[in-house]
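**Q** The structure under discussion is supplied below as structure tokens; questions concerning it will follow.
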Amino acid sequence: MNFDESVYEYLKRVPRGKVVTYGMIARAIGRPRAARQVGNALHRNPTPVVVPCHRVVNREGRLAPAFAFGGMEVQAALLQAEGVEVKGGYVDLSEYCWEGE
């Protein structure tokens, strides 16, 4: 499995109503210093409905200012539709962060 596929497979396991960070994904797939590469992989996501890239935020809980599939407003709307509260472009990681498997 290549890097992008590893990112997508991990992200498919993140449940509705939860978020993860780029760094968390990088660590989970065995590439702890590749958070930026995770972001690049998400921009290439061929199936955004299947691979829920809207559930990825930065290490501070901030939404992606250049969310590849419609901008920050679309990412916020997708998260809010899943029950994630977004305030001022941020998600409270202490409440919504998924700790993974």
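The values are calculated or read from the model by the stated rules, or taken from the named source; none is laboratory data. None of these values were measured; they are calculated from a predicted model. Here the Cβ is made from the backbone with ideal geometry for all residues, glycine too, and neighbour counts use every protein chain on show.
**Q** Could you please let me know if residue 16 is exposed (fewer than 12 other Cβ atoms within 10 Å of the Cβ), over 19 Å from residue 98 (Cα atoms), in contact (Cβ under 8 Å) with a residue 12 or more places away in the chain and out of contact with any His (no Cβ under 7 Å at 6 or more places or on another chain)?
**A** The answer is no for residue 16.
**Q** Counting only residues that are small (Gly, Ala, Ser) and part of a helix (DSSP H, G or I), which one in region 73-101 is surrounded by the most Cβ atoms within 10 Å (Cβ to Cβ)?
**A** Filtering region 73-101 for residues that are small (Gly, Ala, Ser) and part of a helix (DSSP H, G or I), the one surrounded by the most Cβ atoms within 10 Å (Cβ to Cβ) comes out as 76.
**Q** On to the next question. Quick one: is residue 67 of a type in the set (Phe, Trp, Tyr) and modelled with pLDDT under 95?
**A** Yes: the conditions hold for residue 67.
**Q** Another one. Would a scan of region 26-49 turn up a residue that is touching a Pro at 6+ places or on another chain (Cβ under 8 Å) and either of a type in the set (Phe, Trp, Tyr) or modelled with pLDDT of 95 or more (or both)?
**A** There is at least one residue in region 26-49 that is touching a Pro at 6+ places or on another chain (Cβ under 8 Å) and either of a type in the set (Phe, Trp, Tyr) or modelled with pLDDT of 95 or more (or both).
**Q** From the list 28, 34, 77, which residue is among the hydrophobic types (A, V, I, L, M, F, W, C) and free of Cβ contacts under 8 Å to residues at least 12 places away in the same chain?
**A** Numbers: 28 fails: free of Cβ contacts under 8 Å to residues at least 12 places away in the same chain; 34 fails: free of Cβ contacts under 8 Å to residues at least 12 places away in the same chain.
The conditions single out 77.
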